[in-house]
Amino acid sequence: FIFVNRFPFAVKPFYVMKADDTWARSVDLIYKGEEVSSGGQREHRYDVLMRQIEEKKLDKQSLEWFTSFFRYGAPPHGGFALGLERFIYKMLNLQNIREAALFPRDIERVLP
């Protein structure tokens, strides 16, 4: 397992907190050469969030559903997501990630 820390903010979403002008407070967990988890600290300050939306040249109005809650204050927060299928796929050295999925999608199966 290897953690990769601090990605360039330019390649991260607008809601990721900056560590400085260049780097984002984000992390990936790599296992056997594959990303199995991604996470980091989220921006919780409304004014900073709005500046980052401008910096990414995104439409503020289309993101109002996300940003409106932050007007009233939000606590510092963060988290991560674990790609369970990716982890199992790499742990068991499977040939295809669909072998690790409970309901794999393919051209003949869209719904479980």
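The values are calculated or read from the model by the stated rules, or taken from the named source; none is laboratory data. Everything numeric in this text was worked out from a predicted model, so none of it was measured. All Cβ positions, even for glycine, are placed from backbone atoms using ideal geometry, and neighbour counts span all protein chains on display. Surface accessibility is based on the protein's heavy atoms, side chains included, excluding ligands, DNA and RNA. Shrake-Rupley method; radii C 1.70, N 1.55, O 1.52, S 1.80 Å.
Rolling a 1.4 Å probe over the heavy atoms of the protein chains gives the range 46-112 an accessible area of 81 Å² per residue. Straight-line cross-link reach from residue 56 at under 17 Å between alpha-carbon atoms covers these aspartates and glutamates, not counting any fewer than eight positions away in the same chain: 20, 21, 43, 47, 64. Using the Cα coordinates of the chain, the gyration tensor eigenvalues translate into equivalent-ellipsoid semi-axes of 32, 19, 12 Å, sorted from longest to shortest. State the percentage of accessible surface on the chain attributable to carbon and sulfur atoms; use a 1.4 Å probe and exclude ligands, DNA and RNA. It is 57 percent, rounded to a whole number. Only helices enter this figure: runs of n ≥ 4 DSSP H residues, each worth -39500 (n - 2.57), summed and divided by the residues of the chain, yield -5000 deg cm²/dmol at 222 nm to the nearest 500. Within the range 25-66, what residues put their amide N at less than 16 Å from the label point 7 Å along the Cα-to-Cβ vector of residue 93? 32-34, by backbone N distance to the label point.
Placing +1 on the Cβ of every Lys and Arg and -1 on the Cβ of every Asp and Glu, with nothing else charged, gives the range 48-102 a dipole about its Cα centre of roughly 80 debye. For each pair in 18/60; 57/90; 12/57, compute the distance between the two Cα atoms and list the pairs where it is over 25 Å. Table pairs above 25 Å Cα-Cα are 57/90.
Computed over neighbours whose Cβ is under 11 Å from that of residue 76, the net charge equals +2, Lys and Arg +1, Asp and Glu -1. Between the residues 97, 81, 107, the greatest Cα displacement towards the positive end of the dipole of the range 40-112, with unit charges on the Cβ of Lys, Arg, Asp and Glu, is found for 81.
Taking label positions 7 Å along the Cα-Cβ direction at both residue 81 and residue 19, the computed distance is 2.2 nm, reported to one decimal.
Shown are 97, 2, whose ranking by accessible area with a 1.4 Å probe and every protein chain present, most to least, is 2, 97. Full extension of the chain between residue 32 and residue 11 yields a length gain of 5.3 nm, computed as 0.36 nm times the residue separation minus the alpha carbon distance.
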